Each structure stands twice: as structure tokens, then as C-alpha cells.
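Worksheet for the structure shown next.
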Amino acid sequence: MIPDKVPHDDVYRAPQELVKRAHVPNFDKYKELYLKSIQNPDDFWGKIAEDFFWKTPPTGKFLDYNFDVTKGKIYVKCMEGATTNICYNVLDRNVHERSLGDKVAFYWEGNEPGDELTVTYSELLQQVCRFANVLKSLGVKKGDRVSIYMPMVVELVVAMLACARIGAVHSIVFAGFSAESLFDRIMDSQCCILITADGFYRGDKLVSLKVIADDALQKCTDMGVSVQKCIVLKHLSKEEPGSQSPPAKRPCPDLQQERPRENVRKTHPKPQVPWNPEVDLCWHTLVGGASDECEPEWCESEDPLFILYTSGSTGKPKGVLHTVSGYMLYTATTFKLVFDYQSDDVYWCTADIGWITGHSYITYGPMANGATSVLFEGLPTYPDTSRLWEVVDKYQVTKFYTAPTAIRLLMKYGSAPVQKYKRDSLKVLGTVGEPINPEAWLWYYSVVGEKRCPVVDTYWQTETGGHVLTPLPAATPMKPGSATFPFFGVVPAILNESGEELEGPSDGYLVFKQAWPGIMRTVYGNQQRFEATYFQKFPGYYVTGDGCRRDKDGYFWITGRIDDMLNVSGHLLSTAEVESALVEHPAVSEAAVVGRPHPVKGESLYCFVTLRDGVSYTSVLETELKQQVREKIGAIATPDYMQNAPGLPKTRSGKIMRRVLRKIAQNERDLGDVSTLADSSVIEQLFNNRCPTAV
Ligand code: WTA
């Protein structure tokens, strides 16, 4: 399954300097370890587990699972019987057992250049203990769900680790999501507390986060659900919050206090911070009175750690649930080996913690290794297109991890903004989130990495917890655009439509045949949906929803989603989710959404809308509809193209033929087989009504 030999030509290899120090220095070593991880997972992971702290040590079977729906319930259990605490492992263990207390955990780099903070492992431990005590004093207990809706600040890491410390389950909602999306997620996970901030800047755009959070909380109240408390971090505001709020509300007293970075942004307007004394609590006041000591809650291996929502093809997001021990070992090990982590590294992952990449590869994986990371609040293009490289130079970043969409965006500006700064410190580059086109890979490799740094194209999902197909930088000869081979413990296969495993060069459904420690355990509150989404189609396999090709050398190439999902700038959206946001508008009777290739975002949204009788399609309506999608889901889902569709291409059984719509969106006349179409006259009409900007 892993080829004996890898090609000599047309591949890229790591420089000797990297190979010399590497944890996995060559392909033979990778193969040897891989076989061990598959044939004897107990031994393989058991050894890794020895480096961690266990209150009750693991005994017995390492992994127990069933992937076959015909044999009963789907489950995955890792290290049952062991007890531990992940927060203890990423903080106390580093401070008390590994003497890393004074090591920098994060260099926080704000949106505004010059806006910065440094936090060590022991400082972070102190902050986390205090905040954990705050949560406890508010009645948060083991197993309770806590919703976190925050910008990229150190306190976001503090909040998530404080939850983990007391055994509460964090549910982080990306701060770019709308009030409606936050509301849905709070309701689904029945969170008792919301943690948010006054606001933040994205480039020069102010996001008044508290206003959006309040809107979500109001929607909860309207549904008869009350979130008991809302903890508000003062990130930006100086003036008394509440000054712009209705008279019944009064300001939080402690928000007067200045934060150091406040000085940098003197000229910027401050966010509105409406204040409801019944519900709102000030972060700073709370932690001010809290103790630095907090005994961790010892958790069972399979206790829930967090819920993270990801788009589902039926429209409603799924709460992907990860548990403590397996996730901890898997993120720690993938981080160490995929980035070839060394103790003197400065690592930087540009993702937001609101996505799985930030959970696994900003917080848990790097911290479990005692790494020093950059935590970046800003944008690659603000204040200019050199920002990323300026930050790389400033902190002497050695391992850098970003998304293909960011690379494609920066490529447009050429090499000058990159070359303005030195990148000598860089050793390994990584990408994640979507397939990377070879052109972008080569630009990243040659211009950013000066042909010195291997590029690890890491394929994985919210559901997989960590990397599942990926090169190891010193061991795997790379092919631009290929995620190469499986990580340890992962057994991929390619299936055809009838569920048969394909051997050799082939193209089909990417599935996994056995469990690894980091795989999700269930969909929160909906085991049935978990089984239906991932295990029903091909009994015995975890189905990723991605298409995949294996080439003659055995390399895996992800070809993109094969379900009704879209990948816009590395963010998954379901067509159903956008369609349902559109049909909620009174003017719309039906909507169909497809992806259209986009040079920077990978895919963009092209929407076909059928209007109700008597309503006419105008540019005002179009703007309103785009705005509606933005409000319901968030800015990432804003449609790029929209057109009037008095009729949609449907089969005789009424199924929308999205394949045909994708062609129309791209203005491709060759529609393939349309014999199943119920009414072929709609096609010409759709071509005539095409969105004029979609050339
Ligand atoms: C896509 C992000 C190709 C894929 C970690 C997957 C990729 C979805 C890659 C998961 C890659 C992620 N090459 N495609 N290296 N990485 N994808 O849950 O379609 O936000 O199923 O997790 O992103 O997106 P998610």
C-alpha cells in the first residue's frame, strides 16, 4: 500500500540540513514506522503516550472501534480506563515537568503593526487557572458546554484551555460568523455561558462583536432559552461601554482599564458595547478577583473535549465532537512529525482558532510539544501585502503554515512584497484547507521558501482531528499538488461507486478503513446523523466526501468534494445551507447554488434563484439577497454571482441537475448527457440570463 520505491525524478526533496536533524529522516524510516503503526497500534501509540501525564495510566487496548453499520453502532474508543487532563498536559506538564515555564508560548501580533504581546507558558498557566476559577464560580461544571465567540487574542486560548481544565466542553464559533449562525450553534449545543469580546479590527474594518453576540442571545431568549451569562473581554474599547446603549443598561466599571495595545490604535473608532447587567460580566473584573490555583478535573479518555461545527450537506451544521486522550496524542504527534518540530522553532499557523486548524495546530498540538508560536490577529494584506513576511522576519519564524487561498492571493502581487523581507529563518512550509494547484505550490516553494523549504500539503478535516494524508518534510519526496501518503495509523482506500476498493492508479471516493486516535467520535446530540453522513454509503469505511486519485507512484491527489459541499477560500459551505438562506427571502420560491472555479478563493458561489409569481428580478433585490446570505451565515458565504432562473433544470423525478448548473455558471455549452432533463427549454433561458460579471 505504501510503495516500496518513490520516484527519483520530478520530485522535490528536503535539504540535507533538515534531514540531518529530522525525526523521520527518510522514506524507509517512514515506511517502517507506518507499518508498525498499522500492525501494532497499541505499541506504537503506547510509546507515544509515555511522554504524557496520566492520572490513571492507560492499560489494555489502545483503540477499539466499529466502522461497519451492518455490525451495530459506530464507535471509536481510545485508551479507555485512563484518566488525564489535556490542559494539564499542555501547560502544567511543560511548566513543572519540562522546565519550560519561561519559554514563550505565544507572540501575539495584533491587526495593527506594533500591537504585540508576549506570553510565556507559566504566565499562560496562571491566566488559565484564574479563568478556570471564574468559570467554576459561575457554576460551570464538567460536561457543561461553553460557547466562545472571540477574535484572535491570547484570551481565546485562555478561555478554551480553562474549559478543558475543568472538563467543560468548548464550542468555539468563528468570529466572522453571523448572529444567526452563533444562535444556531448555541442552541444546538445548549451552552450555558457565552464568552465574547467588545470587538476587533479586521484590516481597517471594525467588527462590533458584542452587538452581534447580543443579537444571537436575543434570538435565544425569543426561543425561550436563556444563556445565563455572557463574559465580555475588553479588547478595544476604552470609553465606558454602555455609553451608546439604552438607558436601562449600565456600563461595566472595570472596562476603564487600559490594555497596552490600546495606544497603538488611538485614532481608530471604538466599538459599541451595549451592556446588560442581568447577563453581562466583565472579563477583567472577574479574573481580577480569581485565584491562580486550580486543580484540573481528571477526565476519562473518552470524555468530550470540544464541539466544533462544520457544514453539513443537509444544510444544518454538524457539531463534530472530539474527546480528550486520542485527540491530544494525535494532534501532538502530527504537529511534531509533520512540521518536524524542534525545540528552537518559532512556529506560525495563520488560521483562525475558530476553525479546526486553529484548534489542532495553534492551541493543542504545538502547546503539547511546548512550542513557541505566533498568534496573529491580522490579515495577509493589511496594512500591505508584505505583512506575512514582515512578521516572519520579525519573529524569525521557522515553520509556517497557511492556506492555498492566501498563497494565491499573495501570488497576484508578485515576488517583490515577499522579497522585501528576509525569510532565512524558514525551514518548513505547510498548506491546508483545499487542494493546492501546482502553480501556487511552486510559487510558495520557490519565492517564499527560496527552494530551501519542503512544502507539506496536509490533507485533513474537522472530523479527522489532525493530518491524515501528508508528507513528512524530510522523509517524503514531494510532488506539487499531492498530499502524498497517509500519516501513522491511517489506512486510506479509494472506492468506486459500487464500493469496491481500487488498486494501483485509480480515481474514486477517498475513505479510511480503520480508526486512528484523532477521529471524531460522534455528531453532538445526533449519533444517527454521524452514522448516516460518514458510514452508511460504504459499510466498513469512514467516507470523507472527497474525491481522490492515486497515481502510478502511489501518491494521493485530492480532487475536491464529491458531495454537495463547496470549498470557498478553504472554508466548507453546503449548497443547502446557502439555498435555505435564499429561500427564506419572501421574493424567492426556489434556489440552487453551485461552485464556480475562482482564481484566488478556489471556488466562488454562483446562485440561481427562482422568484415568486409577480416579483421581478432587479439589482436592488439581488443586493438584498446577497446581504441576506451574509446575515444568515456570515461574510464568507457572500455569493459572488447571482442570476434569475425562472426555471431550473430538473430530472423527471424533480431532482435539480447541479452538474448542468455548474456548466451554465462557467458558460460551458457542452452539457454532457441531458436526456434525463424534464424540460430542456429552461437551458437556453438560463444561458441568456447568465450573470454578466461571470465572464
Ligand atoms: C479540503 C480543514 C485538498 C477537503 C482542515 C476536506 C483539502 C475539507 C486539504 C475539510 C488539502 C483540506 N488538499 N483538500 N491539503 N485540506 N481540504 O473540515 O475537501 O474545514 O474534506 O478542515 O477541506 O475542511 P475542514
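The values are calculated or read from the model by the stated rules, or taken from the named source; none is laboratory data. Everything numeric in this text was worked out from a predicted model, so none of it was measured. Every residue, glycine among them, receives a Cβ derived from its backbone with ideal geometry; neighbour counts consider all protein chains shown. Ligands, DNA and RNA are excluded from the accessible area calculation, which covers all protein heavy atoms including side chains. Shrake-Rupley method; radii C 1.70, N 1.55, O 1.52, S 1.80 Å.
List of remarks:
- Mean residue ellipticity, 222 nm, helices only, the chain: the sum of -39500 (n - 2.57) across DSSP H runs of n ≥ 4, divided by residue count and rounded to 500, is -7500 deg cm²/dmol.
- Solvent exposure of the stretch 369-445 as accessible area per residue, Å², 1.4 Å probe: 32 Å²
- Length added when fully stretched, Asp344-Tyr75, from 0.36 nm per residue minus Cα-Cα: 92.9 nm
- Pairwise FRET efficiency - Lys5 versus Tyr421, Cβ, R0 = 41 Å, nearest 0.05: 0.55
- Note on Lys412: lysines with a C-alpha under 29 Å away, same-chain residues under 8 apart excluded, are Lys205, Lys394, Lys399, Lys420, Lys422, Lys427, Lys451, Lys479, Lys601, Lys626, Lys663.
- Remark: spin-label model distance Ser653-Lys61 equals 3.9 nm, labels positioned 7 Å along the Cα→Cβ axis.
- Take Glu684: with every protein chain present and a 1.4 Å probe, its accessible area is about 90 Å².
- Radius 15 Å from Cβ of Pro599, net charge of other residues (Lys, Arg +1; Asp, Glu -1): 0
- Solvent-accessible area of Phe400, all protein chains in place: 0 Å² (probe radius 1.4 Å, heavy atoms, ligands and nucleic acids excluded).
- DSSP beta bridges confined to the chain are antiparallel in about 60 percent of cases.
- Summary value for the chain: 14 percent relative contact order, contacts being C-alpha pairs under 8 angstrom separated by 6+ residues.
- The chain: C-alpha gyration tensor shape, a/c 1.5 cut-off, then a/b vs b/c: rounded
- Dipole magnitude (debye, nearest 20) for the chain, charges at Cβ of Lys, Arg, Asp, Glu: 400 debye
- Pairs of Lys in the stretch 43-152 closer than 22 Å at Cα, counting only those 8 or more apart or on different chains: 11
- Inter-label distance for His598 and Thr285, nm, one decimal - labels placed 7 Å from Cα along Cα-to-Cβ: 4.2 nm
- Counting only DSSP beta bridges whose two residues both lie in the stretch 363-475, roughly 10 percent are antiparallel.
- Sulfur and carbon atoms: percent of accessible area, the stretch 451-596 [1.4 Å]: 48 percent
- Solvent-accessible surface (1.4 angstrom probe) belonging to Lys650, in square angstrom, nearest 10: 60 Å²
- Subtracting the Cα-Cα distance of Gln16 and Phe687 from their residue separation scaled by 0.36 nm leaves 236.0 nm.
- Simple label model, 7 Å out from Cα along Cβ direction - Thr623 to Asp563, nm: 3.7 nm
- Placing Val447, Val211, Val629 in order of accessible area, with the largest value first and a 1.4 Å probe, yields Val211, Val447, Val629.
- Of the peptides 488-494, 532-538, the ranking by mean beta-carbon count within 10 Å, highest at the top, reads 488-494, 532-538.
- Which of Leu233, Leu117 is most accessible, then next, and so on - probe 1.4 Å: Leu117, Leu233
- Shape category assigned to the stretch 76-165 from the gyration tensor of Cα positions, a/c cut at 1.5: oblate
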